[in-house]
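Read through the structure below, which is laid out as structure tokens, and then see the notes.
The values are calculated or read from the model by the stated rules, or taken from the named source; none is laboratory data. Quick caveat: nothing in here was measured; it's all calculated off a predicted structure. Here the Cβ positions follow ideal geometry from the backbone for every residue, glycine too, while neighbour counts run over all protein chains shown.
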Amino acid sequence: MNASDLLVKALENEGVEVIYGVPGEENLDFLEALRQSHIELILTRHEQGAAFMAATYGRLTGKPGVCLATLGPGATNLVTGAAYAQLGAFPMVMITGQKPIKASKQGQFQIVDVVEMMRPLTKYTRQIVNVTLIPSTVREAFRLSQEERPGAVHLELPEDIAREPVDKTTTPVFQISRNRRPCAAERLVVQAADMIRAAEYPLLLIGAGANRNRVRSALRRFVEETGIYFFNTQMGKGVVDENSPQCLGTAALSDNDYIHCAIERADLVINVGHDVVEKPPFFMEHGGKQVIHVNFSSASVDNVYFPQLSVVGDIADSMSRMTIEVGRLEKDQSAFRQVKESLDIHLRELADDPSFPVKPQRLVADVRRVMPHNGVIALDNGVYKIWFARNYPALEPNTVLLDNALASMGAGLPSAMEVARLYPDRRVMAICGDGGLMMNSQELETARRLGLNLVVLVLNDGSYGMIRWKQYAMGFEDFGLQFGNPDFVLHARSYGIGGHRVEKAEDFAPLLEQCFTAGGVHLIDLPVDYSENNRVLIDELRHKVCRI
């Protein structure tokens, strides 16, 4: 047995089922060990696609996803994926190769200090130099990747170390211990409950850190039994069913939306799972509203976020105890009901608009009509992400996958591919702008090769729409953000998948249904009218009136 065999055994011990990647010359010993393992290798067309798939595996399962690349350009291509996992709190392990470190005849060819490059982007990065330490190094990497706050870790296996023999006395695996997180002090839970009961307009905010299995159940009980109104951050969507009569929606904009009318009225915000990577949906002022911070760790010191009380510990335990302490809230919540009524009317506007190119409101409404409760949409990054965050109710956890942390273009397609691979019987859709799709469109071949059932929706406006929208909001001239596109139908068919183009608004939903029914991979080219970005998200919201 050599070091590569030992590394694969350590990965098997961690329960690794699949590795995504693009191997290189320096990975060949590891690749041979992998060939003899039960771990599946998924070959992607770019290392970035491998990293996005691995991070999505981690996001959905809670177990670290693993991706593989070679040295130099292979490793540098993982950088965006590392930042995506680290900022998004998705557990992921990256393994890269390197030239021999004891003796090399190739000078500095392709040599980059990958370990140092990964240091600011990961929780842990190590070069493996001692074969006997491989099991403990792997165990430490997986432990750190998975523990709160989850994130990316990196291991580098040099080519000469990879083929070194393993001493027979080396322990091949380490026992995995599963420790429960510490619980918050009882006095803090009681104090939080007292503050909630004393508040006139308490409001619950659900953030990204609340999207954990046990936390979701505890939060649902808290909402149902107390009767409190709640809203989500973008990455908190679906933790509690957004069809709930107490749901005020998603804070998709930083300010000046209908939901901010409720936030302004609230005198207490219970912020569960706050994550500093997401834009704060409200700004605290000294002497203003009270804030309770409920999380696995204490709040970072910030000039706009300084909670008066921090309930730090296992969130599920904290919320379960708080539910008992608070009981049913008997409060006048008519102000929040008025906000919800106004917002519901606003969100129904143009849901059946027949004009073409399709308006965002009709687009979102049609997707919601076709997707079942457990259907999953994976959004790339563009202005459509705001429309889906505001207008598309998530009915179950992890059915709206969006990235409001790194907010990288190019992630939507690989993320949707991993969802479709994990859940072959569910309807899965990648929703991408024409700019974002072309950053990783080569993975369409990977999707076809894997035999996935997946619909890829391309929103075609021939520009970087999010930046054009910001350009308009800042009063600049429309300049420098438009481009040409390939024929997306022919592009799709060249990969051996279905290619379709929508030419009338009323044809879109039936085409979606047809593609899902047929199975396999389908790409739909949908022209979109983004003039609504300026009319609604800037001009109309600027002049709205908070009717409370």
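If you go through region 410-426, how many residues are surrounded by fewer than 21 Cβ atoms within 10 Å (Cβ to Cβ) and in a loop (DSSP other than H, G, I, E, B)? First the steps, then the outcome.
Let us first name the residues in region 410-426 that are surrounded by fewer than 21 Cβ atoms within 10 Å (Cβ to Cβ), namely 422-426.
Then drop every residue that is not in a loop (DSSP other than H, G, I, E, B), which leaves 423-426.
Number satisfying all stated conditions: 4.
Kindly check whether there is at least one residue in region 366-382 that is of a type outside the set (K, R), farther than 28 Å from L121 by Cβ and in contact with a Phe, Trp or Tyr (Cβ under 6 Å, 6 or more places away or on another chain). Yes, region 366-382 contains at least one residue that is of a type outside the set (K, R), farther than 28 Å from L121 by Cβ and in contact with a Phe, Trp or Tyr (Cβ under 6 Å, 6 or more places away or on another chain).
Matching residues to (1) within 24 Å of N398 (Cβ to Cβ); (2) among the hydrophobic types (A, V, I, L, M, F, W, C); (3) outside the structural domain of D332 (by TED's automatic domain parsing); (4) not in a loop (DSSP other than H, G, I, E, B):
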residue: N243; (1), (2), (3), (4): yes, no, no, no
residue: I270; (1), (2), (3), (4): yes, yes, no, yes
residue: E278; (1), (2), (3), (4): yes, no, no, no
residue: M284; (1), (2), (3), (4): no, yes, no, no
residue: G288; (1), (2), (3), (4): no, no, no, no
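Across region 294-303, the number of residues qualifying as among the aliphatic types (A, V, I, L, M) and either touching a His at 6+ places or on another chain (Cβ under 8 Å) or under 21 Å from L248 (Cβ atoms) (or both) comes to 2.
Quick one: would you say T80 is within 24 Å of A411 (Cβ to Cβ), among the hydroxyl-bearing types (S, T, Y), in a helix (DSSP H, G or I) and in contact with a strand residue (DSSP E or B) (Cβ under 8 Å, 6 or more places away or on another chain)? Can you show your working first?
On the way: within 24 Å of A411 (Cβ to Cβ): yes; among the hydroxyl-bearing types (S, T, Y): yes; in a helix (DSSP H, G or I): yes; in contact with a strand residue (DSSP E or B) (Cβ under 8 Å, 6 or more places away or on another chain): no.
Against the criterion (within 24 Å of A411 (Cβ to Cβ), among the hydroxyl-bearing types (S, T, Y), in a helix (DSSP H, G or I) and in contact with a strand residue (DSSP E or B) (Cβ under 8 Å, 6 or more places away or on another chain)), T80 does not qualify.
If I ask for residues that are buried (at least 19 other Cβ atoms within 10 Å of the Cβ), in a helix (DSSP H, G or I) and acidic (D, E), which ones from region 490-548 would you list? Selection gives E532 alone.
The rows are residues; the columns are (1) assigned to a helix (DSSP H, G or I); (2) surrounded by fewer than 15 Cβ atoms within 10 Å (Cβ to Cβ); (3) of a type in the set (D, E).
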| site | (1), (2), (3) |
| --- | --- |
| A85 | yes, no, no |
| I111 | no, yes, no |
| P120 | yes, yes, no |
| V138 | yes, no, no |
| E156 | no, no, yes |
| F174 | no, no, no |
| P182 | no, yes, no |
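Quick one: would you say A193 is of a type outside the set (S, T, N, Q), touching a residue at least 60 places away in the same chain (Cβ under 8 Å), more than 28 Å from R59 (Cβ to Cβ) and in the same structural domain as V326 (by TED's automatic domain parsing)? For A193, the condition - of a type outside the set (S, T, N, Q), touching a residue at least 60 places away in the same chain (Cβ under 8 Å), more than 28 Å from R59 (Cβ to Cβ) and in the same structural domain as V326 (by TED's automatic domain parsing) - is met.
Just to be sure, is V153 modelled with pLDDT of 95 or more and out of contact with any Phe, Trp or Tyr (no Cβ under 9 Å at 6 or more places or on another chain)? For V153, the condition - modelled with pLDDT of 95 or more and out of contact with any Phe, Trp or Tyr (no Cβ under 9 Å at 6 or more places or on another chain) - is not met. Of all the criteria given as (1) closer than 20 Å to F230 by Cβ; (2) in the same structural domain as V428 (by TED's automatic domain parsing); (3) surrounded by fewer than 18 Cβ atoms within 10 Å (Cβ to Cβ), the one not satisfied by S355 is (1). Number of residues in region 357-409 that are touching a residue at least 60 places away in the same chain (Cβ under 8 Å) and over 19 Å from the mean Cα position of the chain (by Cα): the value is 11. The set of residues in region 196-213 being surrounded by fewer than 18 Cβ atoms within 10 Å (Cβ to Cβ) and either of a type in the set (G, A, S) or in a helix (DSSP H, G or I) (or both) consists of R197, A198, N213.
Taking the condition of being part of a strand (DSSP E or B), within 28 Å of L253 (Cα to Cα) and of a type in the set (A, V, I, L, M, F, W, C), how many residues in region 433-486 meet it? Final tally of qualifying residues: 5.
Rundown of residues vs (1) within 29 Å of the chain's Cα centre (by Cα); (2) in the same structural domain as L11 (by TED's automatic domain parsing); (3) touching a residue at least 60 places away in the same chain (Cβ under 8 Å), yes/no style:
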| residue | (1), (2), (3) |
| --- | --- |
| P100 | no, yes, yes |
| Y124 | yes, yes, no |
| N130 | no, yes, no |
| N179 | yes, no, no |
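Of everything in region 304-338 that's within 26 Å of S254 (Cα to Cα) and touching a Gly at 6+ places or on another chain (Cβ under 9 Å), which residue is surrounded by the most Cβ atoms within 10 Å (Cβ to Cβ)? Of everything passing the filter in region 304-338, I315 is surrounded by the most Cβ atoms within 10 Å (Cβ to Cβ).
Considering only residues that are modelled with pLDDT of 95 or more and not β-branched (V, I, T), which ones fall in region 202-216?
Residues of region 202-216 that are modelled with pLDDT of 95 or more, as a first pass: 202-206.
Scanning region 202-216 gives P202, L203, L204, L205.
Of all residues in region 412-430, those being in contact with a Leu (Cβ under 7 Å, 6 or more places away or on another chain) and farther than 18 Å from E396 by Cα number 4. Considering A192, A218, A262, A252, the condition of being closer than 17 Å to K340 by Cα and assigned to a helix (DSSP H, G or I) is satisfied by A262 alone.
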